[in-house]
Amino acid sequence: MVHFIRSVIQPEVGKSEKLLINVQPNGTAGPPAKVTFDPLTLHVRASTWRIAEFQNSPLERYILGHECGHILLHDGRAKGFSSDPASRVSSVEKFRSAEWQADRFADFLLMPTIVAERYSSAHQLGIRAGVPEQMAKERLSQIEQYWRLYGRPYGLDYCTNCFCSDTARIGSRTKCKSCGIIGTLEL
């Protein structure tokens with residue numbers, strides 16, 4: 001995630017404003033990471049930044065993915081769950097909450113539907129996507145809820161290797177036109 005923030009998020013945001021990264025000393029009060037605006041700054045505890053950079057820990061990946069959501073989706077007006085009680089919106093629909101939106105951003109960033117729908121086990125998805133198992137469980141629940149409402153996308157055969165949808169059916173198997181891998185239909 002650290003590489004992603006430096007090589008993708010900072011340049012993308014840099015087209016309109018500069019993203020500052022403030023790595024704070026361990027023991028700093030407050031959450032392990034947060035975003036402030038004016039100027040746009042990602043504040044991250046040193047331990048969170050270091051673990052995300054060198055150990056690729058699931059929790060730190062998710063925390064930074066969540067903060068990327070705030071960076072890309074919000075501005076200084078997003079105060080649904082501000083740490084300052086005077087700034088909090090007293091009642092807000094869940095989907096309008098900046099925190100809910102940042103969580104969904106992290107979900108889709110770290111567990112894209114095309115990947116997540118291939119797993120029935122939160123444990124396996126968590127390992128594959130490098131996220132905490134609880135987050136993987138919630139993501140699978142979101143996908144199942146979507147399928148209940150809108151139907152499961154039968155007929156979409158994804159490559160189990162590169163996850164592209166450019167596959168050809170060969171009986172009960174598929175052959176990926178991109179990477180050539182032959183797999184068994186799972187959906």
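Any read-out appearing in this document is the output of simple, stated calculations on the displayed coordinates, not a laboratory observation. What you are looking at is a predicted structure, and each value in this text was computed from that prediction instead of being measured. Reconstructed Cβ throughout: ideal geometry from the backbone, glycine too, with neighbour counts over all protein chains shown.
Cβ crowding within 10 Å, taken as a proxy for footprinting-reagent exposure, orders ILE143, ILE170 from fewest neighbours to most as ILE170, ILE143.
Can you tell me the order of 13-26, 122-135 when each peptide is scored by its average per-residue count of other Cβ atoms within 10 angstrom, highest first?
Highest to lowest by the protection proxy: 122-135, 13-26.
Working out 0.36 nm times the residue gap between SER16 and SER165, then minus their Cα-Cα distance, what length gain in nm do you get to one decimal?
50.2 nm
Pairs from the list LYS34/LYS94; LYS15/LYS175; LYS18/LYS137 with a Cα-Cα gap above 30 Å: LYS15/LYS175; LYS18/LYS137. Residues LEU109, LEU73, ranked from the fewest to the most other C-beta atoms within 10 Å, line up as LEU73, LEU109. Computing FRET efficiency as 1/(1 + (r/R0)^6) for ARG6 and PHE108, where r is the C-beta to C-beta distance and R0 is 25 Å, gives about 0.75. Efficiency by 1/(1 + (r/R0)^6): what FRET value for ARG96 and TRP147, r their Cβ-Cβ distance, R0 = 30 Å, to the nearest 0.05? It comes out at approximately 0.75. Residues SER121, SER47, arranged from fewest to most other Cβ atoms within 10 angstrom of their Cβ, appear as SER121, SER47.
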